[in-house]
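Peer 1: This is the structure, below, for whatever I ask next.
The values are calculated or read from the model by the stated rules, or taken from the named source; none is laboratory data. Note that the structure is predicted; figures quoted are calculated from it, not measured. As a convention, Cβ positions derive from the backbone with ideal geometry for all residues, glycine included, and neighbour counts pool all protein chains shown.
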Amino acid sequence: MSSAVTIVRFHKTGSADVLQFDQIPLPEPGQGEVRIRVKALGLNRAEIMFRNGQYLETPVSPSKNGYEASGIIEAVGPDVDSKWIGKAVSTVPGTFKLNEHGVYGEVAVVPFHGIAEYPSTLSYEEGASIWMQYLTAYGALVWLGKIAKGDFIVITAASSSVGVAAIEIAKAEGAISIAVTRTATKKAKLLELGADHVIVTDEEDLVVRVNEITSGKGARIVFDPIGGKILESLAAATAPKGTIFEYGALAPEPTPYPLFTALAKYLTIRAYTLFEVTPDPIFPKAKQYIFDHLASGAFKPIIDKRFRFAEIVEAHRYMESNAQIGKIVVTL
């Protein structure tokens, strides 16, 4: 085994070009940690924001990056059962800090509590495309939103991996998904992936279409990672006593609070992230729910495009283009 490995770090914030390949000594797992020989990486929007210095965690130079990896455990810390060596696992976002345990590299050292097994029928690429999307959607829709059969669910940025996962979860729970996308280029694919309705905001009025679809009732749940001005339209499209989950901040402009609409409808506009799920007692139940639905085939990670490890800068650029439907994966 080589005494040195390559990882990806950035020494200053900025565009994708700040990502660089650094050689470091092979790291040994410490107390409560495991080392994974990485086979695939699943990219997430949070990693773009972190690289830009616009995330919940502030980068400390030189900073690691990356939440999701799949691979084989090749070493364990002194207090971790050695029986885990040789097992295929993936890493779970929300269980570690990017600065400390980012997974972009030939190997990744992460906390033992930050790994999970996945169905053996999945490939390494699919194994790296699970937890961010499904846990994020599960937490809002199933755990907090308690969606039920017949509920109307508006899902913005629906072509993202989390958006696609939300469509699958809505279908599994018998809810009616209303996927929202900017351009018509993604409409057919979203319908193919199971969306019950698709609204193209470049061509259609979001509020008018939601009212048509729901016969004027509005959506009980809105699942939105964008924020910004669209929140006003989303509030107008939400049913009385409905809930809007804001789980991101992709909009370039500030997010206005739709006070009068919220007052008139008794709306709940709730900030939410995956980090609420992982430390909660619901976490094991959430993981089991996702595992079971993956094993049954009800959930199927959608991989949009694969890049080689040497192309990780190009992979970041591609994510920033917003062209993808589903997950962007880097293979090693």
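Peer 1: Looking only at segment 75-104, filter to residues that are surrounded by fewer than 15 Cβ atoms within 10 Å (Cβ to Cβ) and under 28 Å from HIS11 (Cα atoms); which one of those is nearest to the chain's Cα centre (by Cα)?
Peer 2: Filtering segment 75-104 for residues surrounded by fewer than 15 Cβ atoms within 10 Å (Cβ to Cβ) gives 78-79, 81-83, 85-87, 97, 100.
When the remaining residues are screened for being under 28 Å from HIS11 (Cα atoms), the result is 97, 100.
On the way: LYS97: 16, GLU100: 20 Å.
Per the criteria, the residue is LYS97.
Peer 1: How many residues are in contact with a strand residue (DSSP E or B) (Cβ under 9 Å, 6 or more places away or on another chain), closer than 27 Å to GLY242 by Cα and among the small types (Gly, Ala, Ser) if we restrict to segment 261-313?
Peer 2: So the count comes out to 3.
Peer 1: Determine whether THR183 is at pLDDT 95 or above, farther than 20 Å from LYS171 by Cα and within 25 Å of the chain's Cα centre (by Cα). Outline the logic, then answer.
Peer 2: Numbers: at pLDDT 95 or above: no; farther than 20 Å from LYS171 by Cα: yes; within 25 Å of the chain's Cα centre (by Cα): yes.
It is false that THR183 is at pLDDT 95 or above, farther than 20 Å from LYS171 by Cα and within 25 Å of the chain's Cα centre (by Cα).
Peer 1: Here's a follow-up. What are the residues in segment 46-68 that are in a strand (DSSP E or B) and over 17 Å from LEU274 (Cα atoms), if any? Let's see the steps before the verdict.
Peer 2: Within segment 46-68, the subset in a strand (DSSP E or B) is 63, 68.
Of everything in segment 46-68, just one residue is in a strand (DSSP E or B) and over 17 Å from LEU274 (Cα atoms), namely SER63.
Peer 1: If you don't mind, another one. Residues in segment 146-164: is at least one in a helix (DSSP H, G or I) and in contact with a helix residue (DSSP H, G or I) (Cβ under 6 Å, 6 or more places away or on another chain)?
Peer 2: Checked against the condition, which is being in a helix (DSSP H, G or I) and in contact with a helix residue (DSSP H, G or I) (Cβ under 6 Å, 6 or more places away or on another chain), segment 146-164 yields at least one hit.
A quick yes/no check of all residues on (1) over 14 Å from GLU168 (Cβ atoms); (2) surrounded by 24 or more Cβ atoms within 10 Å (Cβ to Cβ):
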| residue | (1), (2) |
| --- | --- |
| GLU106 | yes, no |
| GLU117 | yes, no |
| SER123 | yes, no |
| GLU126 | no, no |
| SER129 | no, yes |
| LEU141 | no, yes |
| LEU144 | yes, no |
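Peer 1: Sort through VAL154, VAL164 and tell me the only one that's buried (at least 24 other Cβ atoms within 10 Å of the Cβ) and touching a Gly at 6+ places or on another chain (Cβ under 6 Å). Break it down stepwise before answering.
Peer 2: Numbers: VAL154 fails: touching a Gly at 6+ places or on another chain (Cβ under 6 Å).
The conditions single out VAL164.
Peer 1: Let me ask another. On the given criteria, is PHE223 outside the structural domain of LEU141 (by TED's automatic domain parsing) and either under 21 Å from ILE167 (Cβ atoms) or surrounded by 17 or more Cβ atoms within 10 Å (Cβ to Cβ) (or both)?
Peer 2: Details: outside the structural domain of LEU141 (by TED's automatic domain parsing): no; either under 21 Å from ILE167 (Cβ atoms) or surrounded by 17 or more Cβ atoms within 10 Å (Cβ to Cβ) (or both): yes.
In short, no.
Peer 1: Something else: May I ask you to say which residue of ALA46, ALA40 is surrounded by 15 or more Cβ atoms within 10 Å (Cβ to Cβ) and farther than 19 Å from LYS87 by Cα?
Peer 2: Values: ALA40 fails: farther than 19 Å from LYS87 by Cα.
Within the list ALA46, ALA40, the selection yields ALA46.
Peer 1: Being aromatic (Phe, Trp, Tyr) and surrounded by fewer than 17 Cβ atoms within 10 Å (Cβ to Cβ) is the filter here; which residues of segment 265-295 pass it?
Peer 2: Going residue by residue through segment 265-295, those that are aromatic (Phe, Trp, Tyr) are 266, 272, 275, 283, 289, 291.
Scanning segment 265-295 gives TYR266, PHE275.
Peer 1: Of everything in segment 208-228, what is more than 22 Å from SER321 (Cβ to Cβ) and either basic (Lys, Arg) or out of contact with any Gly (no Cβ under 9 Å at 6 or more places or on another chain) (or both)? Give them in sequence order.
Peer 2: Step one: list which residues in segment 208-228 are more than 22 Å from SER321 (Cβ to Cβ), which gives 208-223.
Those that are more than 22 Å from SER321 (Cβ to Cβ) and either basic (Lys, Arg) or out of contact with any Gly (no Cβ under 9 Å at 6 or more places or on another chain) (or both): VAL208, ARG209, GLU212, ILE213, THR214, SER215, GLY216, LYS217, ARG220.
Peer 1: Right, another one. Could you check segment 59-73 and list, in sequence order, the residues that are surrounded by 12 or more Cβ atoms within 10 Å (Cβ to Cβ) and in contact (Cβ under 8 Å) with a residue 40 or more places away in the chain?
Peer 2: Within segment 59-73, the first condition is being surrounded by 12 or more Cβ atoms within 10 Å (Cβ to Cβ), and the residues that meet it are 59, 62-73.
Residues satisfying the conditions are PRO59, PRO62, SER63, LYS64, ASN65, GLY66, TYR67, GLU68, ALA69, SER70, GLY71, ILE73.
Peer 1: Turning to a different aspect of this structure: Can we say PRO93 is in a loop (DSSP other than H, G, I, E, B) and at pLDDT 95 or above? Please lay out each step first, then the result.
Peer 2: On the way: in a loop (DSSP other than H, G, I, E, B): yes; at pLDDT 95 or above: yes.
So PRO93 passes the test.
Peer 1: Separate question: Assuming ALA188 fulfils every condition listed in (1) part of a loop (DSSP other than H, G, I, E, B); (2) without any contact (Cβ under 8 Å) to a residue 12 or more places away in the chain apart from one, which condition is it?
Peer 2: Going through the list (1) part of a loop (DSSP other than H, G, I, E, B); (2) without any contact (Cβ under 8 Å) to a residue 12 or more places away in the chain, ALA188 breaks only (1).
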